[in-house]
Structures are given as structure tokens and as C-alpha cells.
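Below: the structure, in C-alpha cells.
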Amino acid sequence: MERRALAEPFMGVTADGKVEKGLFELAQTGVSTEPVAKAARAFLAGLTDAQRKKTAFPVDDNEWRKWANQHSYPRQGMGFNEMTPKQRELAFGLVGAGLSARGLKLTQDIMKLNGTLGELTGRHDEYTEWLYWITIMGEPSTTRPWGWQLDGHHVVINYFVLGDQVVMTPLFVGSEPVEATSGRFKGTIILQTEQAKGLEMINSLKPAQQAKAILQKEKPGNNGSLEAFRDNMVIPYAGLKASEMDPDQRGILLELIGLYVGATRADQAKVRMSEVQKHLDDTYFAWVGGTDPDSVFFFRIHSPVIIIEFDHQRGIALNRGGPPNRDHIHSVVRTPNGNDYGKELLRLHLEREHGR
């Protein structure tokens, strides 16, 4: 999949195979990115020369696209398993500088649940809380383009920075299990608010609206389509359009989107949500599965500037081969129409600064 995907020039997720132009622009947001640049410089300064060499890539390197959810995928960069306690502190300082407190907690909780998976399966060499890697693309700056990536099983964060603009997609979060009921991390649980808010959204709809939103009432398998090596997916708009929702329903939809956008810093999230709201009338909500409190389901939110998927998955490491269940969740956020990894902003920057 990687070879086939990287052989294709990047275009981005589209609704019909054509990139919609004019959606993204170089702009001043008034939100400083100095804290994350400072944290990145501190992280790099805390590495040895050899470690720094394997962690740093050019800003336009294909390394951005070399991420995967699978635990067995070979990663580049600096692994948490190789870091000293001080280096881990600096690494989490970098992640925390770019994310909200809630986003950082979700990231760390997913890492802990990977340790729980190791306890449950006995495969401690494959599943631990430290099998996650960080790479830095470009040189940390408040004026020049750069970014960082965290890559590992069930959590992938791509964080592109240009001036005071940030693009934090593709973003992958999930886990199997989603709750630690025993072991070192007992009590850790993730994505329950997103799960509940999705159900609130579908159940806020009237029967005629549900008839449009629900694409399929049965969910026999996995439905996600935005995961690794799917940078150029064509996903037609489907479901119920937000322009057909009443104000309360639109409010719930925005709250659901906000749970994902809110993984980044509050000031950056505000900028991103204003972009989402600008295209709210052209946003679709689609559903697969049941609508009862204990149902398994899939939902997609799709607009010209954001696409989000939440999917209850079949078991893989636990209960392999069974039907989709609530103890294995994948959720992905992308920026369609060419701006995943900030690629459209980078293109516009190079065009403005270098005429290419």
C-alpha cells in the first residue's frame, strides 16, 4: 500500500477526483506559534548528533506521508523507547506545546492503552506505551514552513506550521482496547465523549432526516476510508446536509466537530473552527449502524475543509475475526482538497516566495 500510495503525486482527499480551489490561503491569524517552535528546538537540542540526524527531514520530504496505524510498520525518527527520561520530557513538551491539555491527555492515554494491550496479549515487545516515534520536518521557525509528526500504533499526529498558521492533519486516534479494566493503567479510557456525541447527533434528527443520514442500518465490518496511504481518496458527499438541519442540530454537529478540532491549542482551534463554520452549509453527516445507546456504528462528517470519521472496528489483537465492537475504535481527521500536511499552504508559500 505504501509503495502504491507514494508512487502517486499527492492530490488530497476529494469528493469527485477534482481539487476544489480557493479554499485555503496564506493569512495572518494573530496566533503565535513561537511556543511550539521553542519546544521543538529544545527537543532537538536534547538529542545527540546521531539522534538528531535520524530525526530531521526536509519540510517537503515524503516522510510526512509514511505513517500508519499498524504497530508493525517500520518508523523513522526518534523512538520514545530509545529516549532518556529527560528526552521523553522534552518530547512531550513538544507535543504539549502544539496540543490542548485534552489533546495531550488523549495522546498519552492511547500510548498507555497500547501498554495495556501488551499486558493483555503478553506481546510486550510489540505493544508498549513507548513504541512511538517523533520526526521533525524542516527547521523550527515562526516564519519558515516546518512541522513535526508523532507516529505509532493508534495515534498519529501531523503538525505543519507556517508563520502563525497550523494544519494538524492527518490525525489518527483510536485504541484496542479503549478502556483499561486492569493492569498498570487501569481506569484509562478514551473517545467516550466523541462516541456519545455522535449518538446524540444521529438521535437529534427527525425520521425524515435520519432517512437521509443513515446510509446503512447494519454494520457487519469496518467502514473507515481515511487511514494510512489513502491521501488521494475520492469520497463523494453523502448523508444529510447541515443546511437541512435546524439550529439545535447544527449546534450539536459543531460540538462534535469541536471535540476533534479541540485536540489542538484553544487559540488554533478557534481559527480552525471559524474555517469549519464558513463551510457549515456544505457539511454532510452520514451514519452506518444502529442508533441505540449500545449500538456499534460509523459516522462521517464531510465538508470542503474537514472530513472526520469515527468507526467501531472488528477485533484484531483481541477477539480477532469477530464483528465490530466498542472496544476497538479508529477515528481520523483530514483536511480535504489538498491541505493535509499543510501541502496547499506550502505550495502557496513556495509560489509566493520562490515563484514555483
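The values are calculated or read from the model by the stated rules, or taken from the named source; none is laboratory data. Bear in mind the structure is a predicted one, so any value in this text is a computation, not a measurement. Glycine also receives a Cβ, built like all others from the backbone with ideal geometry; neighbour counts cover every protein chain displayed. Keep in mind that these areas ignore ligands, DNA and RNA; they rest on the heavy atoms of the full protein, side chains included. Shrake-Rupley method; radii C 1.70, N 1.55, O 1.52, S 1.80 Å.
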- [ ] Report whether or not His279 is open to solvent by 10 Å² or more (accessible area, probe 1.4 Å) and farther than 24 Å from Ala238 by Cα.
- [x] no
Given (1) in contact with a helix residue (DSSP H, G or I) (Cβ under 7 Å, 6 or more places away or on another chain); (2) more than 26 Å from Glu63 (Cα to Cα); (3) surrounded by 22 or more Cβ atoms within 10 Å (Cβ to Cβ), Leu318 misses just (3)
Counting only helices (runs of 4 or more DSSP H) entirely within region 1-102, those with at least 1 residues that are open to solvent by 30 Å² or more (accessible area, probe 1.4 Å) and touching a residue at least 40 places away in the same chain (Cβ under 8 Å) are 2-7, 34-45, 85-98
Within region 158-177, restricting to residues that are in contact with a Pro (Cβ under 9 Å, 6 or more places away or on another chain) and in a strand (DSSP E or B), the one that is nearest to Arg352 (Cα to Cα) is Leu162
So, Leu131, is that one open to solvent by less than 10 Å² (accessible area, probe 1.4 Å), within 23 Å of His330 (Cβ to Cβ) and of a type in the set (A, V, I, L, M) or not?
no
task: Might you check whether a residue that is in contact with a strand residue (DSSP E or B) (Cβ under 7 Å, 6 or more places away or on another chain), touching a residue at least 24 places away in the same chain (Cβ under 8 Å) and over 27 Å from Gly93 (Cβ atoms) occurs anywhere in region 263-272?
output: no
The residue that is farthest from Val296 (Cα to Cα), considering only those in region 230-248 that are out of contact with any helix residue (DSSP H, G or I) (no Cβ under 9 Å at 6 or more places or on another chain) and assigned to a helix (DSSP H, G or I), is Pro247
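For every residue, the table says whether it meets (1) farther than 25 Å from Val156 by Cα; (2) part of a loop (DSSP other than H, G, I, E, B); (3) modelled with pLDDT of 95 or more.
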position: Thr181; (1), (2), (3): no, yes, yes
position: Lys197; (1), (2), (3): no, no, yes
position: Ile202; (1), (2), (3): yes, no, yes
position: Leu205; (1), (2), (3): yes, yes, yes
position: Asn223; (1), (2), (3): no, yes, yes
position: Ala228; (1), (2), (3): no, yes, yes
Exercise. Kindly indicate whether Leu113 is outside any strand (DSSP E or B), among the hydrophobic types (A, V, I, L, M, F, W, C) and out of contact with any Asp or Glu (no Cβ under 6 Å at 6 or more places or on another chain).
Key: yes
Contact list, first residue from region 273-286 and among the β-branched types (Val, Ile, Thr), second anywhere and assigned to a helix (DSSP H, G or I), beta-carbon distance below 6 Å, six or more apart or interchain, is Val276/Ile257; Thr283/Ala242
Residue hits (region 1-53; on the phi > 0 side of the Ramachandran plot and charged (D, E, K, R)) are none
Only one of Lys219, Lys241, Lys197, Lys212 is touching a residue at least 12 places away in the same chain (Cβ under 8 Å), of a type in the set (D, E, K, R) and touching a Pro at 6+ places or on another chain (Cβ under 8 Å), namely Lys219
